[in-house]
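Since every read-out is calculated from the coordinates, none of them should be taken as a lab result. Note that this is a predicted model, so its numbers are computed, not measured. With ideal geometry, Cβ positions are generated from the backbone for all residues, glycine too; neighbour counts draw on all protein chains shown.
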Amino acid sequence: MRVALLILLFLTGLLGTSWAIRCLRAEPVEHGRRLKYEYLVEHADEYSVVLIGSSRVNHSLIPAIIEERLAARGHVHRVFNYGIGGMRSFEADEVFDKVLDLDMPELAVVVMEWPDWDGIPYGDEGAATERSVEWHTARRTLAVLVSLARADMPWPAAVRHALQHLRLALSRSVNFGAGSSWLQRRLGTVDFGDLPEVVLRDGFAATGEMRARSPEVEARRVAKTEQLLARKHFLDLGNALPVDLARYNRAALARQAAAAEARGVLLVWAVMPGEAYTPQAWRLAEESAELPLLLFNSPTRYPELYRSDTRWDPDHLNSKGARLFSTLFGDALAALLDRP
């Protein structure tokens, strides 16, 4: 009896300490994520449209132009670009929930970059960084494991990716590194990075503001962009491929839609004009004409977004391309808002 009581007290203390430490966790620092989050919290009552996604969103959608196009159709909104470099589907899902939880009285629309839910670790997700650990809640870890189980990949690769995600989930559950991170913040030794006021206000950063690159990296960028433009017609062919939608994590998509509806917010998904083809998105759009989904990865539909004078690299537009795309995006979003 005494041993059982001691074990109970130990577990209670462990769980209590874990909960207390978790309450001290702050928004991850990497890629300006905390700066953008804190700015949005401080100015939550000013914005009614939030764009969430990767660097393709961050460097390609200009809020001022989108606002202008919306206003021309009678929709007056303030737009915040919450694009974060390297942000994949499950991390974006975490940011989506945080945005819905904010006290934003005017929030009317959330635009999500189309989620692939593929579960393959990329960039920061392969290391125990704050941002990669943070999104590994029990629910999201289960969702990513389901996606890996459904993915069309060799099982050894799926198992390897699953173990990476389980390791990150364990790190989050035991608050690995959270104590030292909290102490560093209190001592002021954490470099939050810096973003110009205009970037914080709009969230948008032009591709010209990307970090300096070596001549070798710059040469590879140019070569890869030329390769994309030379084979851009394959994008439309890829988008037209038949796919088994049972392998796509539609449950995760439905959860986002239900969460937005409960908050009284219109949720829109958008496929960005990059180099990847997305047959799942195109098949779902064919399946339901009412699905609020904007498809921009088509050189046939949008040839102006796949020219050498509008691209920075295979996945990003340059400043001219961003202006063109923001105009097209604003008009397409306005058309969705025009629906009864």
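Estimated at 0.36 nm per residue, the fully extended path between Glu261 and Ala276 surpasses their Cα-Cα distance by 2.5 nm.
Each residue of the range 30-41 was assigned a 3J(HN,Hα) from its phi angle through the Karplus curve 6.51 cos²θ - 1.76 cosθ + 1.60 (θ = phi - 60°); the sequence is 3, 6, x, 4, 5, 4, 5, 4, 5, 5, 5, 4 Hz, with glycine and proline shown as x. Sorted ascending by nearby beta carbons within 10 Å, beginning with the fewest, Phe96, Phe80 become Phe96, Phe80. A simple spin-label model places pseudo-atoms 7 Å from Cα toward Cβ; at Asp97 and Val222 they are separated by 4.6 nm. By the count of neighbouring beta-carbon atoms within 10 Å, fewest first, His165, His59 end up ordered His165, His59. Close amide H pairs (under 5 Å, H built 1.01 Å from N) link Leu266 with Val109, Val110, residues at least 5 positions away or on another chain. Database remark: amide H of Gly83 closer than 5 angstrom to the amide H of Gly53, Asn58 (H placed geometrically; neighbours at sequence offset of 5 or more, or on other chains; Pro and chain starts carry no H). Each peptide in 235-246, 145-156 receives the mean, over its residues, of other Cβ atoms within 10 Å, and ordering these scores from highest gives 145-156, 235-246. One decimal place: the segment Asp338-Leu229 gains 35.8 nm when fully extended, by the rule 0.36 nm per residue minus the C-alpha distance.
Restricting the chymotrypsin sites (Phe, Trp or Tyr not before Pro) of the range 252-302 to loop positions (DSSP other than H, G, I, E, B) with no more than 12 neighbouring Cβ atoms within 10 Å leaves nothing.
Phi angles of the range 236-247 translate, via the Karplus equation with coefficients 6.51, -1.76, 1.60 and θ = phi - 60°, into HN-Hα couplings of 5, 5, x, 5, 8, 5, x, 9, 8, 5, 5, 7 Hz per residue; Gly and Pro are given as x.
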